[in-house]
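Okay, structure first, notes after.
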Amino acid sequence: MLFKCLPPGAEIPGRFPGPAHARGKWFTVDIHCHVLTPKAAEMVRGHAAATRHPREEYANERTRQVNREQAERTRIQFTSVEKRLADMDRMGIDIQAISPSPNQTYYGADPELGIATARVVNDNLADIVGRHPDRFAALGTVPFQAPDLAVAELDRIHKSLGFRGIEIATNVAGEDFSAERFGKIFARIEELGLLVFMHPTGFPEARRFADHYLVNVIGNPLDSTVAVHHLIFGGVLHDHPNLKLVIAHGGGYLPAYSGRIDHAAEARPDCCEKIGRMPTTYLKRLYFDTIVFAHHQLEYLVEQYGADHVLVGTDYPADMGEIDPIGFIESARGLDDNERRAILGGNAARLLNIEIPRRPL
């Protein structure tokens, strides 16, 4: 048996493809799925700052060993379009909004290397979409460490490549997105109407997370939680009210503990120097994926933020992903079919400007 936690005979979770679902019952758009670009990985080989990953840096040796084994197991799924399409067909996924493998934002690289790798990653995503425009939409990457270059790349991927949005990390090599120099990037994103999908790259201060894969189990949602606090209290969401922002992993921990931010704004003047409304007002503008693994948490997101703010995601092909997204949404007793339809594809189609195909009666 591979994992002692599992009862005898149980299937190993986190291995794609999951259970089979016929395409056609629901129009399904996966907002959270990744593509690895090997050429970009080769370009940063030997560049320590570009390849620093907190999830690896703070992990113990056992976790690093499992990471290597899992990377080998998923490499074909990360890179093979044919395998990806076969898995999507089995799982009932109509469209993937493909984004870079999270470690391939390369915000720690120098500006020249950062823009070079971003272009290579984006060109790879564009090639995949160009060959299968009915099955993929692209969320690219831009070098936030060099704002002028990032704005130029935003223009390129929007005007020349037809991208629907970008993926961003949760910080820029340790610098928060609320830093003033990033304002021009968010302004251009908002102007172009692009979707932003935020995905963590590992909590930068994870010294206590070395064992039990806590660098991911706790670190990923915690990293998103910290980032969203900075976006709210740092005034980014106040300054850019039309920003379309999807947070991975159900938004991290903040959506379930949001009362504290409003209390802070009422109790302390240093919490509201850059915002004009209560903090949860900005939180309710955000969108969240469904990678929460428990129906009560999914139903809580819908109850608090609306079914129109929740999008189905898988984290394909990572081991911490949701391998049965359709089954997960179908079996949630707190949802009606209109809400299921919105979560499975309607919301993503609206945010990405994807036309929903007419199904035969």
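The values are calculated or read from the model by the stated rules, or taken from the named source; none is laboratory data. Owing to the predicted nature of the structure, the values given are computational and were not obtained by experimental measurement. As a convention, Cβ positions derive from the backbone with ideal geometry for all residues, glycine included, and neighbour counts pool all protein chains shown.
Listing for the model above:
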quantity	calculated
Subset of segment 207-232 [modelled with pLDDT under 90 and among the small types (Gly, Ala, Ser)]	Ala210, Gly219
Segment 200-249: number of residues that are under 23 Å from Ala152 (Cβ atoms) and in contact with an Asp or Glu (Cβ under 6 Å, 6 or more places away or on another chain)	3
Residue within segment 274-289 that is among the hydrophobic types (A, V, I, L, M, F, W, C), surrounded by 21 or more Cβ atoms within 10 Å (Cβ to Cβ) and in a strand (DSSP E or B) present	yes
Members of segment 65-106 found to be basic (Lys, Arg) and surrounded by 15 or more Cβ atoms within 10 Å (Cβ to Cβ), listed by number	Lys83, Arg84, Arg90
Candidate set from segment 291-319 (those that are in a loop (DSSP other than H, G, I, E, B) and either acidic (Asp, Glu) or in contact with a Gly (Cβ under 6 Å, 6 or more places away or on another chain) (or both)); member that is surrounded by the fewest Cβ atoms within 10 Å (Cβ to Cβ)	Asp319
Of all residues in segment 107-145 being touching a residue at least 60 places away in the same chain (Cβ under 8 Å) and of a type in the set (Ser, Thr, Tyr), the one that is surrounded by the most Cβ atoms within 10 Å (Cβ to Cβ)	Thr117
Pairs with Cβ under 8 Å, 6+ apart, first in segment 255-283 and without any contact (Cβ under 8 Å) to a residue 60 or more places away in the chain, second of a type in the set (S, T, N, Q) and in a helix (DSSP H, G or I)	Pro255/Gln304; Ala256/Gln297; Ser258/Thr280; Ser258/Gln304; Gly259/Thr280; Ile261/Thr280; Asp262/Thr280
Flag if Ala48 is under 17 Å from Ala173 (Cα atoms), touching a helix residue (DSSP H, G or I) at 6+ places or on another chain (Cβ under 6 Å) and not polar (S, T, N, Q)	no
Close pairs (8 angstrom Cβ cut-off, 6 or more residues apart or separate chains): at pLDDT below 85 in segment 195-206, among the β-branched types (Val, Ile, Thr) anywhere	Gly202/Val215; Phe203/Val215; Phe203/Ile218; Phe203/Val226; Ala206/Val215
Residue in segment 22-44 that is nearest to the chain's Cα centre (by Cα), counting only those that are within 17 Å of Ala169 (Cβ to Cβ) and in a strand (DSSP E or B)	His32
Index of the failed condition, Ile326 passing every other in (1) part of a loop (DSSP other than H, G, I, E, B); (2) within 24 Å of Phe16 (Cα to Cα)	(1)
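Yes or no, residue by residue, for (1) over 18 Å from Glu167 (Cβ atoms); (2) in a helix (DSSP H, G or I); (3) more than 23 Å from the chain's Cα centre (by Cα):
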residue: Ala20; (1), (2), (3): yes, no, yes
residue: Gly46; (1), (2), (3): yes, no, yes
residue: Ala49; (1), (2), (3): yes, no, no
residue: Ala59; (1), (2), (3): yes, no, no
residue: Gln65; (1), (2), (3): yes, yes, yes
